[in-house]
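The values are calculated or read from the model by the stated rules, or taken from the named source; none is laboratory data. These numbers come from a predicted model, not from an experiment. FYI the Cβ positions are ideal-geometry reconstructions off the backbone, even for glycines, and counts take in every protein chain you see. What goes into the accessible areas is simple: the full protein's heavy atoms, side chains included, and nothing from ligands, DNA or RNA. Shrake-Rupley method; radii C 1.70, N 1.55, O 1.52, S 1.80 Å.
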Amino acid sequence: MMLLDFLLAGLVIGGIYALISIGLNLQYGVARVLNLAYGEFLMLAGYGAFWGFTLLGLSPVLTLFVGAPLAFALSWLLFTYVLHPLLGRAQDQGKREIDSILSTFGLLFVLQGVALVAWSGTDRAYSYLSVPLNLFGAVIGANRLLVLVAALALSGGVYAFLRYSPVGRAMRAIAVSPRTAPLVGIDVARYSALAFAAGGALAAVAGILLSSFVGINPTIGAAFTMKALIVVVMGGIGHVLGGLVAGLMLGLAETLAALLLDPGLITVINFAIFSIVLLWRPQGLLGAAARSGTQGSLRLPKQAIPVAALLALIVAPRFADAYWLSLLVNILTYIALATGWAFFSGATRYVSLAASAFFGVGAYAVAILAPDYSYGLALLAAVAVSIVLSAFVGLATLRLSGMYFVIFTFGLATLVSAIVSWWEFNIAQKAGRHLFLSITTTHIYYQLLALCVGIIALWMVRDRSRMGFALKTLGADETVARQVGINTVALKVGTFVVSSVVMTLAGAILAPRWSYMDATIAFNPNTSFLTVIMALLGGATSVWGPMLGVVPLVLISDYLSVTVPNYFSVVLGLVLLGIVFLIPDGLIGLLRRWRGHLRRPDLAHRLHALADRIGGGPAGRNRVSPPAGRNGIAAPKGPASSQDQSQARQP
């Protein structure tokens with residue numbers, strides 16, 4: 001009987017995971033949009049079911065008939081008028097994936113912030129069909145059984161739709177080859193919008209059914225998105241039945257881990273299984289071989305002011321009061337994080353969302369080791385852990401396409417935070433760490449300044465070396481890079497390790513500013529969000545771009561956190577969406593375009609015309625201009641050549 005209870009519990013959990021993954025499978029498998037805000041639609045649908053039940057007395061089953069069509073319509077509008085125009089300008093599939101990741105990442109924080117403002121951060125729960133049922137001797141709640149049945153029915157229905165209906169076959173053709181699908185008369189934009197909208201409706205169905213026994217809060221969406229991404233990749237992108245099998249397997253594994261090991265290790269078990277699947281069968285249980293996307297890169301501009309800026313920063317603490325020194329520390333922290341992030345992501349076009357994970361590793365290493373041993377030893381330990389962790393993540397994901405890397409880094413902070421929390425509670429038996437070190441804010445400032453100078457110098461040296469040329473080739477076209485003999489996996493993993501070490505050191509150096517440290521402080525997801533925004537605002541392909549993005553956004557975020565703290569994530573999410581839509585190349589890209597409009601030949605022609613106008617008069621207008629020389633400037637009159645003189649002497 002205990003075995004039956006175990007199987008039924010595992011199948012219910014697996015059914016939940018399968019249910020939440022069906023819609024995302026459609027959105028990414030057909031529409032090719034890696035929707036990181038998928039869980040937020042599920043969260044909003046859960047809130048709709050809660051308010052419908054508590055205020056109007058509507059059962060979740062009735063709410064489905066309103067919520068699913070509404071989610072379908074909103075998702076269709078989002079794809080048609082926001083995502084499709086944005087993704088349509090992408091020159092290749094790699095750039096399309098990057099834009100979809102960044103835009104939906106911004107949308108995630110906007111929707112999460114709106115929900116937080118509207119309904120606060122408390123859990124909302126209600127009871128529906130919570131009566132126990134005896135099924136073959138095992139007891140299960142009716143609401144949980146409903147979710148399992150819905151997962152099986154929807155998976156079978158979507159599979160049959162894709163396989164046997166004309167619309168489904170058209171969607172499968174788009175999933176296989178979106179470029180050649182129009183050749184057989186398939187409207188790619190229309191069917192992609194339909195698939196994305198259907199995915200949104202299925203997310204709403206999952207959210208409404210889950211709300212009957214799962215508490216809903218504004219931050220629950222990211223956790224559901226992570227689970228759905230793992231299931232989609234494990235089952236095979238675009239394979240609905242593969243997602244069902246993967247979800248059920250994951251549910252059984254979680255139940256077994258909770259029974260035999262520790263419930264606190266469930267997140268670790270999930271990522272361990274996910275890593276094994278990536279290493280053993282990266283295309284998924286039922287998927288086809290994964291392909292690497294094609295990326296593009298930009299040329300780095302030359303700058304001539306860094307020495308003067310460095311001297312100003314060196315002497316700044318002598319003249320800054322406590323507030324301005326603290327602000328400068330924040331600026332240098334994010335310069336180190338954003339430059340470290342762009343050191344890898346800007347060159348390779350692989351979007352990393354793991355800044356908060358490595359920042360937290362550094363901060364927690366200092367919190368654990370520095371009080372009992374030494375600060376220097378804590379820094380070395382943090383670097384060692386980050387090297388091992390980043391090498392593992394890189395080897396598991398960077399030999400595949402960038403999508404797998406994004407998914408893994410998206411949940412890496414959650415994974416490391418779960419491990420730390422489990423260790424603190426079960427092994428160390430502490431609720432956090434108190435940190436009292438004799439390290440002043442000025443010491444932290446100079447350490448961060450040295451870290452920033454180090455990563456910028458390393459970037460400049462790299463770009464003048466063969467490694468820099470190899471990275472430019474990889475960023476322009478990874479297939480070409482492999483064909484000319486570049487070891488792309490080693491290059492990506494090595495660059496990612498350096499990037500991770502920089503972000504880890506930023507967290508370790510900043511840790512003494514906190515007198516108390518726990519996992520929620522160290523692994524704050526806003527760290528990743530702000531890092532990505534700042535790097536993109538300035539321009540992630542330039543060594544100076546992250547600085548241009550950090551300074552204004554640190555000042556703006558400092559102002560917003562004081563004046564409108566409740567709308568902080570909403571505003572930052574809108575900022576990220578604005579960057580992706582309006583200035584995809586960052587401020588550096590804008591400066592390059594403006595400089596292109598003021599090219600020297602054009603300016604010289606205008607100055608020359610102005611000089612002619614100033615000369616004025618008929619004589620000035622009737623003068624024959626000398627032949628143009630280099631850059632369009634008239635060639636100066638010099639001594640005539642011997643050939644010219646001989647021609648002049650002839651009658």
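Points worth noting:
- Qualifying positions in segment 193-208 - open to solvent by 10 Å² or more (accessible area, probe 1.4 Å) and either closer than 19 Å to Leu146 by Cβ or within 19 Å of the chain's Cα centre (by Cα) (or both): Ala201, Leu202, Val205
- Top-ranked residue of segment 13-52 - restricted to ones that are under 20 Å from Ala125 (Cβ atoms), open to solvent by less than 10 Å² (accessible area, probe 1.4 Å) and aliphatic (A, V, I, L, M), ranked as farthest from the chain's Cα centre (by Cα): Ala49
- All of (1) surrounded by fewer than 17 Cβ atoms within 10 Å (Cβ to Cβ); (2) part of a helix (DSSP H, G or I) hold for Asp372 with one exception: (2).
- Asp518 being in contact with a Lys or Arg (Cβ under 8 Å, 6 or more places away or on another chain) and either of a type in the set (Asp, Glu) or open to solvent by less than 10 Å² (accessible area, probe 1.4 Å) (or both): yes
- Residue match in segment 97-120 (condition: assigned to a helix (DSSP H, G or I) and without any contact (Cβ under 8 Å) to a residue 24 or more places away in the chain): yes
- Among the residues making up segment 121-149, those that are open to solvent by 70 Å² or more (accessible area, probe 1.4 Å) and in a helix (DSSP H, G or I) are Arg144, Val149.
- Residue in segment 209-219 that is surrounded by fewer than 24 Cβ atoms within 10 Å (Cβ to Cβ), closer than 22 Å to Gly10 by Cβ and without any contact (Cβ under 8 Å) to a residue 12 or more places away in the chain present: no
- Test for Val82: is it more than 19 Å from the chain's Cα centre (by Cα) and among the β-branched types (Val, Ile, Thr): no
- Criterion: open to solvent by 20 Å² or more (accessible area, probe 1.4 Å) and part of a helix (DSSP H, G or I) - qualifying residue of Ala384, Ala342, Ala367, Ala336: Ala384
- Hey, Ile216 assigned by TED's automatic domain parsing to the domain that holds Leu248 and in contact with an Asp or Glu (Cβ under 8 Å, 6 or more places away or on another chain) or not: yes
- Search result, residues across segment 419-441 that are open to solvent by less than 50 Å² (accessible area, probe 1.4 Å) and modelled with pLDDT of 85 or more: Val420, Ile439
- Test result for Leu353, crowded, with 23+ Cβ neighbours inside 10 Å, in contact (Cβ under 8 Å) with a residue 40 or more places away in the chain and not in a helix (DSSP H, G or I): yes
- For the condition open to solvent by 50 Å² or more (accessible area, probe 1.4 Å) and under 30 Å from Ala470 (Cβ atoms), Leu548 qualifies.
- Residue check, Tyr404 out of contact with any helix residue (DSSP H, G or I) (no Cβ under 6 Å at 6 or more places or on another chain), hydroxyl-bearing (Ser, Thr, Tyr) and surrounded by fewer than 24 Cβ atoms within 10 Å (Cβ to Cβ): no
- Residue in segment 489-510 that is part of a loop (DSSP other than H, G, I, E, B) and surrounded by fewer than 21 Cβ atoms within 10 Å (Cβ to Cβ) present: no
- Selection of first residues in segment 417-435 that are in the same structural domain as Ala355 (by TED's automatic domain parsing) and of second residues that are surrounded by 18 or more Cβ atoms within 10 Å (Cβ to Cβ) and polar (S, T, N, Q), restricted to Cβ pairs under 9 Å at least 6 apart or on distinct chains, gives the following pairs, ordered by first then second residue: Ser417/Thr267; Ser417/Ser356; Ala418/Thr267; Ile419/Thr267; Trp422/Thr267.
- Segment 429-483: number of residues that are closer than 30 Å to Met517 by Cα and either touching a Pro at 6+ places or on another chain (Cβ under 6 Å) or assigned to a helix (DSSP H, G or I) (or both): 18
- Number of positions in segment 442-458 that are β-branched (Val, Ile, Thr) and open to solvent by less than 30 Å² (accessible area, probe 1.4 Å): 3
- Among the conditions (1) aliphatic (A, V, I, L, M); (2) out of contact with any Gly (no Cβ under 8 Å at 6 or more places or on another chain); (3) part of a helix (DSSP H, G or I); (4) under 24 Å from Val82 (Cα atoms), Ala257 misses just one, which is (4).
- In segment 318-329, the condition of being modelled with pLDDT under 85, assigned by TED's automatic domain parsing to the domain that holds Ala253 and not hydrophobic (A, V, I, L, M, F, W, C) is met by no residue.
- Segment 171-181, residues that are within 12 Å of Ser192 (Cα to Cα) and assigned to a helix (DSSP H, G or I): Met171, Arg172, Ala173, Ile174, Ala175, Ala181
- Within segment 232-290, tally of residues that are among the polar types (S, T, N, Q), under 19 Å from Gly411 (Cβ atoms) and at pLDDT 75 or above: 0
- On inspection, Phe469 does not qualify as of a type in the set (Phe, Trp, Tyr), in the same structural domain as Leu369 (by TED's automatic domain parsing) and over 28 Å from the mean Cα position of the chain (by Cα).
- Restricting Gly168, Gly242, Gly238 to residues that are assigned by TED's automatic domain parsing to the domain that holds Met43 and either aliphatic (A, V, I, L, M) or not in a helix (DSSP H, G or I) (or both) narrows the list to Gly238.
- Per the listing Leu379, Leu398, the residue uniquely in contact with a Lys or Arg (Cβ under 7 Å, 6 or more places away or on another chain) and among the aliphatic types (A, V, I, L, M) is Leu398.
- Any pair with Cβ under 6 angstrom, 6 or more apart, that starts in segment 532-549 at a residue that is β-branched (Val, Ile, Thr) and ends at one that is at pLDDT 85 or above and open to solvent by less than 10 Å² (accessible area, probe 1.4 Å): Thr541/Gly346; Val543/Trp459
- Within segment 72-84, not a single residue is open to solvent by 10 Å² or more (accessible area, probe 1.4 Å) and in a strand (DSSP E or B).
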